[in-house]
Amino acid sequence: KKEGLAVLGVLTSAGLMLFVGLADDRFGVRGRQKLLAQLVCGTILLGSFYLVKPTDLFPGWLPIGFSFLFLLIWIVGSINAVNLIDGADGLASTVGLIAGLGLFAMTFQGEANWENVTAISLAGVLIGFLVYNFPPASTFLGDGGSMLIGLLIGALALHSSVKHATSIALCAPIAIVAIPFFDSFVAILRRRLTGRSIYTVDRGHLHHTLLERGLGPRRMLAVVAGLAAISALGGVLSMKFDTPWFALLSVSMVIG
């Protein structure tokens, strides 16, 4: 019954996120309206999460509002991280594929559950999609696809971490999505420092920089995929060996 409630929360929030993304692709939705929808989706998701397994990611003396706010930022950040990195053929699909495989490895412990089935299903879908999205692409994700992938990655990372110590529960999921999170953080910082709106589109993302340095679309995709795989592997090893150091080391290497 509790697992069913968790699945219902994920499906409801994912369905709403897909609807908003498709509306944006078809008609255009303002950045603040999309952010509001993301906050609603995150609240639905976290509501079901707290009902099923009250989080132990934080010490008991911290107020529940603090942990809820932190996790809401995590979900919205995951959605936008994948959405913002979707600026080149195959990029968001490849990052999502690597994250799906990493989350499957983190959640699989010898038996099937909804978390590892969803993670491997996400990876399988993106493998099939990459046939058409690999550069030069004939089909694109759009916001409907990229925001949905980001929400699922954030939700699965959250559900897979609560059984572990605080340090591992925080470090391992961040390592899984270190590349899109770091790229998004730098993009927001860059826009604020230059006096532009954080919703402004620019050509300063990681993939733009690599392309400007002379890498072709496929070589650029290979570099980003390699970096994403290194950080995801660190997250998986941290979870398997019950230590945060693999995640911290891999993220440090990738950012460096």
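Condition (residue is open to solvent by 50 Å² or more (accessible area, probe 1.4 Å), free of Cβ contacts under 8 Å to residues at least 60 places away in the same chain, closer than 26 Å to Leu122 by Cα and assigned to a helix (DSSP H, G or I)) applied to segment 212-220: is it met by at least one residue?
Keep residues of segment 212-220 that are open to solvent by 50 Å² or more (accessible area, probe 1.4 Å), which gives 212-214, 217-219.
Narrowing the set further to residues that are free of Cβ contacts under 8 Å to residues at least 60 places away in the same chain leaves 212-214, 219.
Now drop any that are not closer than 26 Å to Leu122 by Cα, which leaves 219.
Going one step further and asking which of them are assigned to a helix (DSSP H, G or I), we end up with 219.
Checked against the condition, which is being open to solvent by 50 Å² or more (accessible area, probe 1.4 Å), free of Cβ contacts under 8 Å to residues at least 60 places away in the same chain, closer than 26 Å to Leu122 by Cα and assigned to a helix (DSSP H, G or I), segment 212-220 yields at least one hit.
A quick yes/no check of all residues on (1) open to solvent by less than 60 Å² (accessible area, probe 1.4 Å); (2) among the acidic types (Asp, Glu); (3) modelled with pLDDT of 90 or more; (4) not in a loop (DSSP other than H, G, I, E, B):
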| position | (1), (2), (3), (4) |
| --- | --- |
| Val40 | no, no, yes, yes |
| Gly60 | no, no, no, no |
| Ser67 | yes, no, no, yes |
| Trp74 | yes, no, yes, yes |
Whether any residue in segment 173-189 is in contact (Cβ under 8 Å) with a residue 12 or more places away in the chain, assigned to a loop (DSSP other than H, G, I, E, B) and either of a type outside the set (Gly, Ala, Ser) or surrounded by 13 or more Cβ atoms within 10 Å (Cβ to Cβ) (or both) is what I want to check.
yes
Looking for whichever is closer than 20 Å to Ser78 by Cα and surrounded by 24 or more Cβ atoms within 10 Å (Cβ to Cβ) here; the options are Leu248, Leu151. Which one fits?
Leu151
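Okay, residues lined up against (1) of a type in the set (Val, Ile, Thr); (2) in contact with a Pro (Cβ under 7 Å, 6 or more places away or on another chain); (3) touching a residue at least 24 places away in the same chain (Cβ under 8 Å); (4) under 19 Å from Ala229 (Cα atoms):
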residue	(1), (2), (3), (4)
Val117	yes, no, no, no
Leu122	no, no, yes, yes
Leu141	no, no, yes, no
Leu148	no, no, yes, no
Ala155	no, no, yes, no
Leu170	no, no, yes, yes
Within segment 82-115, which residues are open to solvent by less than 40 Å² (accessible area, probe 1.4 Å) and without any contact (Cβ under 8 Å) to a residue 40 or more places away in the chain?
Leu97
Condition (residue is assigned to a helix (DSSP H, G or I) and in contact with a Cys (Cβ under 8 Å, 6 or more places away or on another chain)) applied to segment 233-244: is it met by at least one residue?
yes
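The values are calculated or read from the model by the stated rules, or taken from the named source; none is laboratory data. Worth saying up front: this structure is predicted, and the values here are computed from it rather than measured. Backbone-built Cβ (ideal geometry, glycine too); neighbour counts: all protein chains shown. Protein only, heavy atoms only, side chains kept; ligands, DNA and RNA dropped before computing areas. Shrake-Rupley method; radii C 1.70, N 1.55, O 1.52, S 1.80 Å.
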